[in-house]
Amino acid sequence: MAKKSWEKRLKGKPDEKMVDFVESLSIDWRLYKYDIVGSIAHAQMLAEQGLITKDELAKIKSGLSEIAGDIESGKFKFDKTYEDIHMAIETALIKKIGDAGEKLHTGRSRNDQVATDIRLWLRDIIELMAGQIASLQQGLIKLAEKYLKDIMPAYTHLQRAQPISIAAYILSFVEQFQRDYLRLGNCSSLLNTSPLGSGAVAGSTLGLNRDSTAEQLGFWGISRNSLDAVSDRDFAAEFIFDCSLIAAHLSRLAEDLIIYSSGEFGFVSLDDSFCTSSSMMPQKRNPDALELIRGKCGTVYGALVGMLTILKAQPSGYNRDLQEDKVHIFSAADTTSASLDMAEAIISKMKFNTGKISSGLDEGFMDATALAEYLVGKDVPFRQAHGIVGALVAQCEKQDKKLASLKIEDFKAACDKIDKDVYKALGSANVAGRYATAGAAGVKQAEEQIEFWKKELSSR
Ligand code: ARG
């Protein structure tokens with residue numbers, strides 16, 4: 001292996017093993033666009049400050065855009081002996097334009113360069129993922145509208161609890177993804193500060209204008225402290241955490257749909273195009289795409305732990321440990337983005353089997369709470385009402401009846417405050433229409449929520 005131009009201080013050649021071990025080009029080549037944009041901004045600033053000539057600037061700019069073209073057309077040769085995307089591009093530039101290229105790195109280090117590149121990359125990927133979240137939300141709202149008036153059980157402890165509008169169930173995920181959307185936006189705002197000009201760790205003795213590069217690159221401002229700026233990857237950990245919660249929400253949705261599409265539940269049907277069969281059991285129709293969404297959550301959590309562990313106990317300033325950040329940033333972004341995409345596609349083609357759901361709705365005494373609240377309306381203290389209904393449920397269980405099929409005399413025997421109007425409070429459909437609290441899971445509230453989301457999403 002040849003000696004690197006920037007390692008004149010070292011004796012002899014690096015060990016052969018070093019090339020593969022220290023290189024990051026196989027991973028960070030993906031930053032090339034941002035590296036080039038960052039270099040152009042830096043060169044522009046150097047020219048403004050009189051540190052390079054206009055002519056040199058023009059050469060740097062055209063050289064860098066040629067390199068961008070070469071990379072995009074597949075002509076560029078990525079040589080990992082140059083270690084990373086920064087040196088690969090700079091070396092190619094020097095080859096193309098000579099001395100002017102040698103001036104590009106004036107007042108800059110790969111330490112502030114890579115910190116800048118990652119921030120720029122993340123800004124774009126966050127925008128893309130926020131768009132994916134918004135489309136997934138749109139898909140969910142469309143589905144919710146379709147099943148607004150249909151009722152399903154809501155579960156606690158995976159036991160039937162209370163009847164709800166199917167729309168309310170679906171909209172519960174729109175809420176989760178909304179928080180993800182806001183979290184990503186917040187992450188993007190927090191990382192939108194330029195570290196460029198912080199150099200290796202202490203800034204530069206040259207008259208750089210950091211505001212100029214920050215402005216050119218669309219940053220809202222510059223970092224205040226060079227030590228912090230070159231070593232800060234909090235934003236990366238935060239981004240991966242945001243991905244982790246998205247993955248968790250997707251995984252919960254996937255888990256529900258896997259359960260609901262099972263033969264035992266039969267609540268939803270997934271489109272065949274998102275299922276697979278078995279190599280042995282000819283009858284099988286498996287929800288593999290959903291299982292993978294659930295499983296990929298582990299990959300994203302792994303990235304988070306990886307990133308946090310890199311940060312732990314690093315001495316101040318830049319350390320090469322930080323190079324590993326991209327492994328986790330890219331893994332989290334790619335995995336989360338692919339899962340968002342797949343989830344949206346599955347949602348757009350799935351169906352709720354309302355016949356099957358409603359045929360079992362009156363099993364499980366899901367109207368018991370509403371009956372207790374009916375009694376509260378008749379001036380029975382809630383704790384007493386709870387006891388009365390509990391006893392009625394036990395009676396029904398013994399007689400294999402539903403609450404709604406008890407005679408008025410049975411009700412009167414349990415509590416003389418019960419009138420004939422009790423039947424309007426019984427049965428899942430009645431209950432789902434009776435919810436009165438804001439944000440409840442009834443038909444009325446789900447309808448209001450759909451209206452809210454339509455307005456909210458149209459402003460994006
Ligand atoms: N490839 C490195 C990274 O991703 C760039 C910075 C290397 N800096 C250094 N002084 N060795 O972090």
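Here are the numbers for this structure:
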quantity: Violating pairs (Cα-Cα greater than 21 angstrom) within the set 59/103; 33/312; 4/312; 402/444; 378/424; 8/95; calculated: 33/312; 4/312; 402/444
quantity: Extreme residue, positive dipole direction of the stretch 1-55, given options 6, 53, 26 (C-beta unit charges); calculated: 6
quantity: GluC sites (Glu not before Pro) lying in DSSP loop within the stretch 249-324, provided at most 16 other Cβ fall within 10 Å; calculated: 264
quantity: Equivalent-ellipsoid semi-axes of the chain, from the Cα gyration tensor, Å, largest first; calculated: 62, 23, 19
quantity: Alpha carbon Rg of the stretch 203-304, scaled by the compact-globule rule 2.2 N^0.38 Å; calculated: 1.84
quantity: Those GluC sites (Glu not before Pro) in the stretch 332-398 that DSSP places in a loop and that have at most 16 other beta carbons within 10 Å; calculated: 363
quantity: Trypsin sites (Lys or Arg not before Pro) restricted to the stretch 1-87 and DSSP loop, no more than 10 other C-beta within 10 Å; calculated: 8, 9, 11, 75, 77
quantity: 14 Å beta-carbon shell around residue 241, net charge (K/R +1, D/E -1); calculated: -2
quantity: Candidate lysines for bridging to residue 284, where Cα separation is under 20 Å - those fewer than 8 sequence places away on the same chain excluded; calculated: 349, 351
quantity: Neighbourhood charge, 14 Å Cβ-Cβ cut-off, centred on residue 419 and excluding it, Lys, Arg +1 and Asp, Glu -1; calculated: +1
quantity: The chain, dipole about Cα centre (Lys/Arg Cβ +1, Asp/Glu Cβ -1), debye to the nearest 20; calculated: 100 debye
quantity: Under-5 Å amide H pairs with residue 164, H placed in peptide plane, nonlocal only; calculated: 152, 154
quantity: The stretch 310-460: translational diffusion in µm²/s, Stokes-Einstein, Kirkwood Rh over Cα pairs, 20 °C, 1.002 mPa s; calculated: 105 µm²/s
quantity: Residue-by-residue Karplus 3J(HN,Hα) for the stretch 128-138, coefficients 6.51, -1.76, 1.60, Hz, glycine and proline x; calculated: 5, 5, 4, x, 5, 5, 4, 5, 5, 4, 4
quantity: Summed side-chain charge close to residue 289 - residues other than residue 289 whose Cβ falls under 15 Å, Lys, Arg +1, Asp, Glu -1; calculated: -3
quantity: Mean ellipticity per residue at 222 nm, deg cm²/dmol - from DSSP H runs of n ≥ 4 across the chain, formula -39500 (n - 2.57); calculated: -20000 deg cm²/dmol
quantity: Centroid-to-centroid separation of the stretch 296-339 and the stretch 224-259 [C-alpha atoms, Å]; calculated: 9 Å
quantity: Label-point separation in nm, residue 400 to residue 234, each point 7 Å along Cα→Cβ; calculated: 6.6 nm
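We did not get these values from a lab; they are worked out from the coordinates using the rules stated. The structure displayed is predicted, hence computed values, not measured ones. Methodologically, a virtual Cβ is constructed for each residue, glycine included, from the backbone with ideal geometry; neighbour enumeration extends over all protein chains shown.
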